[in-house]
Amino acid sequence: IAILEERERIGMDLHDGIIQSLYSIGLSLDYIKAITEEDNGDKDETLQRLAIATNGINATINDIRSYISDLRPRQMLENRSLAENISILLEEFETHSKISGEFEKSTSEFADLPYQKAITLFHICQEALSNTARHSNATRAKVKLWGENGRVYLEVIDNGKGFNIDATDTALGHGLSNMQRRTRKVGGEVRIDSQPLQGTSVLAWVPST
């Protein structure tokens, strides 16, 4: 069921995101062709439309790279700490999304954190960054990792457009449900805070033992 839900989410994202973007670019190029065929075509308008189309193509390429990155299996490197693995994940996120990333972590490496709990936080971070890349229109994302009161906390914050949690679409809703299931399986919890035009915060915690 989880695989089928994920395939449905990917299909919806591809249709609503990339295909619609390409369709819009195609319409722009058709318009450019029409005005350039006119004897008195406006050169400035043509150049402006071409610039918009080019930017749209570049943005769509970045979107496709993000989808390809998401479809590749992600596993934690066993010879690296949780913090090091998250740092690698954030570097890949910056490369594919062109969104600036920052990692704020405590001095602890959480070496005693059970593997299943560590990989849960790792996958929560991956899912949250993926949502930021695809849905937020953010320019900055920050990942925080720290321990407190017998728990290990992970928070992913972006400065994007935010959303109404009570009115999320099906695709995004699946991702949020996945986060809830992951954390609850290991005795933890996740909280998502977001409002339109005010960014999004994903805060997850797991017991440290």
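The values are calculated or read from the model by the stated rules, or taken from the named source; none is laboratory data. No experiment lies behind these values; they were computed from the predicted model shown. Because the Cβ atoms are built from the backbone with ideal geometry, glycine has one as well, and the counts that use them run over all protein chains shown. Note: areas computed on protein heavy atoms with side chains; ligands, DNA, RNA excluded. Shrake-Rupley method; radii C 1.70, N 1.55, O 1.52, S 1.80 Å.
At a glance:
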read-out: Number of positions in region 133-155 that are out of contact with any helix residue (DSSP H, G or I) (no Cβ under 9 Å at 6 or more places or on another chain) and not in a strand (DSSP E or B); value: 5
read-out: Qualifying positions in region 1-25 - in a helix (DSSP H, G or I), at pLDDT 70 or above and loosely packed, with under 12 Cβ neighbours inside 10 Å; value: Ile3, Leu4, Arg7, Tyr23
read-out: Members of region 156-172 found to be open to solvent by 50 Å² or more (accessible area, probe 1.4 Å), at pLDDT 90 or above and either on the phi > 0 side of the Ramachandran plot or not in a strand (DSSP E or B) (or both), listed by number; value: Asn159, Lys161
read-out: All positions within region 173-207 that are in a helix (DSSP H, G or I), open to solvent by 10 Å² or more (accessible area, probe 1.4 Å) and more than 21 Å from Leu82 (Cα to Cα); value: Gly173, His174, Leu176, Ser177
read-out: Residues satisfying the stated conditions in region 59-107, i.e. under 28 Å from Glu8 (Cβ atoms), modelled with pLDDT of 75 or more and open to solvent by 70 Å² or more (accessible area, probe 1.4 Å); value: Thr95, Lys98
read-out: Every pair of residues 6+ apart whose Cβ atoms lie under 7 Å, when the first sits in region 85-98 and is in contact (Cβ under 8 Å) with a residue 24 or more places away in the chain while the second is hydroxyl-bearing (Ser, Thr, Tyr) and assigned to a helix (DSSP H, G or I); value: His96/Ser66; His96/Ser69; Ser97/Ser66
read-out: Residue, farthest from Asn159 (Cα to Cα), within region 108-117, restricted to residues that are buried (at least 16 other Cβ atoms within 10 Å of the Cβ) and not basic (Lys, Arg); value: Leu113
